[in-house]
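Each remark here refers to the structure printed beneath this line.
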């Protein structure tokens, strides 16, 4: 039996989130209304979401030797995520993200990667990431960590499906730079801005079709409060979002990823996978922080 349903591989951070009256532009000022601190990192958020939905999960990443590293490990353990793939540096600080969220739930993020960007291939446990149905990738800041991900994909078994959320950092690298990862990707989950950066196409349907022609099996485009679009080349669906009062959009895309992947693992239709993704994202945005609102298995009854 394969030990894991999904293993994540990406940056590990602690998010320091400030609720502000507005997002200040250059030479402007705004004021802080409230402050929260929570663990984050795109792939890590998705893995927590999947763990809450009842799947066996693990994670590969790197943390420092500080207060934040303890928070990250404690959070994973409390959610039932296996942490044996996490590397702890002898010194150095864990990743931090400063986030500013306005009254509409829109955000601006500033990333301090810390030891996330010092991970090396020799530190990875190859066997650990070879025993999972899905390997879920998200971005790092540094080229060094990006190279480690590329090398790993050359060596994992073909039976392991790769899901990939490029984020704006990786999407900005261009299609050609990301090609070594994309050619191994089974499920690609960008938002419409990231897809445009990758393909040069302003129409997200055309961009998704372009990616399908490159050999990716499933492309899901996250369209924010509008909904999502999914295609596998044979069938395509636009799926409307759920109407909720959004407080914080931090981690909404990661939450969608968790819902969509959970649908695939349960052999749901593409349409239902997107519906579940939209639902999980809608629950998240009603709470501050990337993980606080992530639903549990029992909450999926609200979909019926």
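The values are calculated or read from the model by the stated rules, or taken from the named source; none is laboratory data. Quick caveat, the model's predicted, so the values are computed rather than measured. Glycine gets a Cβ as well: all are built from the backbone with ideal geometry, and neighbour counts include every protein chain shown.
Of all the residues in the range 280-304, those that are farther than 23 Å from residue 75 by Cα and either touching a helix residue (DSSP H, G or I) at 6+ places or on another chain (Cβ under 6 Å) or not in a helix (DSSP H, G or I) (or both) number 2.
Taken over the range 85-108, the criterion of being in a strand (DSSP E or B) and surrounded by 15 or more Cβ atoms within 10 Å (Cβ to Cβ) is satisfied by 86, 87, 88, 95, 96, 97, 99, 100, 101, 107. Scanning the range 234-254 for residues that are within 23 Å of residue 102 (Cβ to Cβ), in a helix (DSSP H, G or I) and touching a residue at least 40 places away in the same chain (Cβ under 8 Å) turns up at least one hit.
Does the range 263-272 contain at least one residue that is out of contact with any strand residue (DSSP E or B) (no Cβ under 6 Å at 6 or more places or on another chain), surrounded by fewer than 20 Cβ atoms within 10 Å (Cβ to Cβ), part of a strand (DSSP E or B) and modelled with pLDDT of 95 or more? Scanning the range 263-272 turns up no residue that is out of contact with any strand residue (DSSP E or B) (no Cβ under 6 Å at 6 or more places or on another chain), surrounded by fewer than 20 Cβ atoms within 10 Å (Cβ to Cβ), part of a strand (DSSP E or B) and modelled with pLDDT of 95 or more. Listed conditions (1) in a helix (DSSP H, G or I); (2) farther than 18 Å from residue 133 by Cβ are all met by residue 22, apart from (1).
Filtered by the rule that a residue be surrounded by 23 or more Cβ atoms within 10 Å (Cβ to Cβ) and under 23 Å from residue 5 (Cα atoms), the range 64-75 gives a lone residue, 72. Checked against (1) at pLDDT 95 or above; (2) surrounded by 17 or more Cβ atoms within 10 Å (Cβ to Cβ), residue 129 passes all but a single condition, namely (1). Restricted to the range 17-61, and to residues there that are surrounded by fewer than 18 Cβ atoms within 10 Å (Cβ to Cβ) and closer than 15 Å to residue 292 by Cβ, the residue that is modelled with the lowest pLDDT is 36. Using the structure shown, decide if residue 230 is touching a residue at least 40 places away in the same chain (Cβ under 8 Å) and in a strand (DSSP E or B). Yes; evaluated as a whole, the condition is true for this residue.
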